[in-house]
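Rule-based calculations on the coordinates, nothing more; no lab input. Only a predicted model underlies this, so the values are computations on that prediction, with no experimental measurement involved. Cβ sites come from the backbone with ideal geometry, for glycine too, and all protein chains shown count toward neighbours.
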Amino acid sequence: MAEYVVEFGKDGRPVEPDGRLDAPAFHRNHHAIRAVLEKFLAGKSGDAVEAGSGTGQHVVDLARHTPEITWWPSDLNEQHLRSIAAWRAHAALPNIRPPLRIDLSDPAWCSQMHDGSGPAKLLAVFCANVIHIAPWRVAEGLFAGTGRYLRTDGRLFLYGPFKRNGSHTAISNAVFDASLRENNPEWGVRDIGALRELAASAGLALIEIAEMPANNLILVFGRPEAA
Ligand SMILES: C[S@@+](CC[C@H](N)C(=O)[O-])C[C@H]1O[C@@H](n2cnc3c(N)ncnc32)[C@H](O)[C@@H]1O
């Protein structure tokens, strides 16, 4: 299996002695990402899963600003799970649960999602920079699980670079896509149309597209009746 990385093509900073990893991209984009999520999350309570949390920095930032929401970070990479746990301990916030080991290519995600020891039906799923650095079956499992576990009023927030109508939105994204595919032919920047179809198969619809800095987007999915 390919080695999954926190930020493809870039060297991370040194690991803290307690295992905390630092993703340079987090510092560039967390304000803009949080602003989009907060528009929906403000004033709400419930459980939220972050899928593919990586270092764990986003979940700490989101949890700090949404104290009524219980956050469940997750990943499948052992070093990333250690980093998430270390950031959680460092932040000492009451609303972050220990990381779940979720392999998104499994549509059931993990046993805790259905044995009563994990979150209740989800208010939100947040997934940043994962589905282009993973095989398509990871996107399939992300949507299948979201369709299964999301509340009727819940939302899936999907952050990253995307193609529109089969075309890249920027040359830099096309270059990035080529480098991803060269590294692993199963990786690549995904098309919004293909994601819409995947969402429909999971009982979800695209509700909003939020433009983000550096030619990224947040795609917001929910139940069709919320669209
Ligand atoms: C580029 S990193 C993004 C991390 C974080 N979301 C962020 O934006 O900083 C991609 C993450 O996806 C995770 N990942 C890759 N394949 C996965 C899978 N099948 N299931 C769950 N996580 C996966 C990797 O371990 C890694 O933490």
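Summary of computed values
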{"item": "Sum of side-chain charges, residue 221 neighbourhood, beta-carbon under 11 Å (Lys, Arg +1; Asp, Glu -1)", "result": "+2"}
{"item": "Whole-Å distance, taken between Cα centres, linking the stretch 28-62 and the stretch 198-220", "result": "15"}
{"item": "Likely footprinting exposure, 27, 132, fewest C-beta neighbours within 10 Å first", "result": "27, 132"}
{"item": "J(HN,Hα) series, the stretch 60-65, from Karplus relation 6.51 cos²θ - 1.76 cosθ + 1.60, nearest Hz, glycine and proline x", "result": "5, 4, 5, 5, 4, 9"}
{"item": "Dipole magnitude of the stretch 145-227, debye to nearest 20 (Cβ charges: Lys/Arg +1, Asp/Glu -1, about Cα centre)", "result": "180"}
{"item": "Gyration tensor (alpha-carbon) shape descriptor, the chain, a/c threshold 1.5", "result": "rounded"}
{"item": "Size of charge dipole - the chain - debye, nearest 20, with Cβ of Lys, Arg +1 and Asp, Glu -1, no other charges", "result": "420"}
{"item": "Cα-based shape type of the stretch 128-227, given that a ≥ b ≥ c are square roots of the gyration tensor eigenvalues and the cut on a/c is 1.5", "result": "prolate"}
